[in-house]
Amino acid sequence: MDQLQKYKSTDKMMDLISDNYALLQVMSRFGVSLGFGDKTVKEVCEMNGVDSRTFLVVVNFMAEGFSRMNTDDPDAISIPALVDYLRQAHTYFLDFCLPAIRRKLLEALDYSENDVSFLILKFFDEYMHAVRKHMEYENKTVFTYVDALLQGKVLKSFQISTFSQHHDQVGERLTELKNIIIKYCPSTASNYLLHAALFDIYACEEELESHSQVEDLLFVPAILKLERRVRNDEK
């Protein structure tokens with residue numbers, strides 16, 4: 001598998017960051033700490049208790065937009081490692097990224113004289129609620145189902161195709177908010193702060209889209225295979 005990938009286990013972790021700093025977010029969600037010197041990807045992953053093959057599948061997917069993973073290789077990806085990565089991504093969006101944008105909007109907008117400012121914040125709060133509902137559903141329902149599959153049990157109340165068919169692209173809903181800010185934001189708003197908040201909204205939208213693609217194109221196919229294997233074992 002290494003020969004097919006852009007980034008390999010023998011590459012220095014520092015070189016990955018130098019080549020694509022956006023991979024810092026992937027490292028964070030895998031729980032990889034900084035301060036690793038000139039160690040390789042494999043060495044850094046081992047230091048941090050991270051499955052290096054799963055790490056490489058995700059970073060290469062993020063870099064290239066598709067997966068070169070051999071779907072016939074049962075060890076190509078660790079489902080527990082991938083689930084943990086997705087859980088940490090949810091924590092990042094819900095507890096850090098979106099609240100940080102909200103704080104910038106609060107600081108940038110003048111709520112004393114303009115109804116548009118209230119509309120912007122109201123829309124953003126509704127969006128945050130929708131994202132939280134979506135991700136908490138995944139945490140409580142989807143990942144619980146996967147945990148049961150890993151123990152050799154198929155829960156009758158759910159199947160992964162349901163998730164696949166109804167998986168919202170939550171990042172798309174930020175488009176309307178961006179348009180409201182760009183077209184109708186009051187002139188009394190703090191220019192620097194509002195531009196910074198809008199930049200963060202664009203970045204968050206891209207990150208949410210990448211997150212959804214990891215779920216749809218890496219996570220769901222892996223769980224479909226696991227689901228079939230467990231169902232066959234039950235027969």
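The values are calculated or read from the model by the stated rules, or taken from the named source; none is laboratory data. Source: prediction; values computed, not measured. Cβ placement follows ideal geometry from the backbone for every residue including glycine, while neighbour counts extend to all protein chains displayed.
Quick check on E206: is it exposed (fewer than 15 other Cβ atoms within 10 Å of the Cβ), charged (D, E, K, R) and in contact (Cβ under 8 Å) with a residue 12 or more places away in the chain?
Details: exposed (fewer than 15 other Cβ atoms within 10 Å of the Cβ): yes; charged (D, E, K, R): yes; in contact (Cβ under 8 Å) with a residue 12 or more places away in the chain: yes.
Here the answer is yes, as E206 does meet what is asked.
With the requirement that a residue be surrounded by fewer than 16 Cβ atoms within 10 Å (Cβ to Cβ), modelled with pLDDT under 90 and part of a helix (DSSP H, G or I), what does region 131-161 give you?
Within region 131-161, S161 is the sole residue that qualifies.
Looking for something under 18 Å from E64 (Cβ atoms), in a loop (DSSP other than H, G, I, E, B), polar (S, T, N, Q) and touching a residue at least 24 places away in the same chain (Cβ under 8 Å) - is there at least one such residue anywhere in region 23-32?
No: zero hits.
Got a number for residues in region 61-96 being out of contact with any helix residue (DSSP H, G or I) (no Cβ under 8 Å at 6 or more places or on another chain), part of a helix (DSSP H, G or I) and either modelled with pLDDT of 95 or more or more than 23 Å from C204 (Cα to Cα) (or both)?
Matching residues across region 61-96 total 4.
Within region 162-191, how many residues turn out to be of a type in the set (D, E, K, R), at pLDDT below 75 and surrounded by fewer than 15 Cβ atoms within 10 Å (Cβ to Cβ)?
Kept after step one, since they are of a type in the set (D, E, K, R), are these residues of region 162-191: 168, 172-173, 176, 178, 183.
After this cut, where a residue has to be at pLDDT below 75 as well, the list is 168, 172-173.
If we keep only those that are surrounded by fewer than 15 Cβ atoms within 10 Å (Cβ to Cβ) as well, we get 168, 172.
Looking only at that region, the number is 2.
State all residues of region 86-130 that are closer than 30 Å to L218 by Cα and in contact (Cβ under 8 Å) with a residue 60 or more places away in the chain; if no residue qualifies, say none.
Passing the criteria: L86, Q88, A89, Y92, F93, C97, L98, A100, I101.
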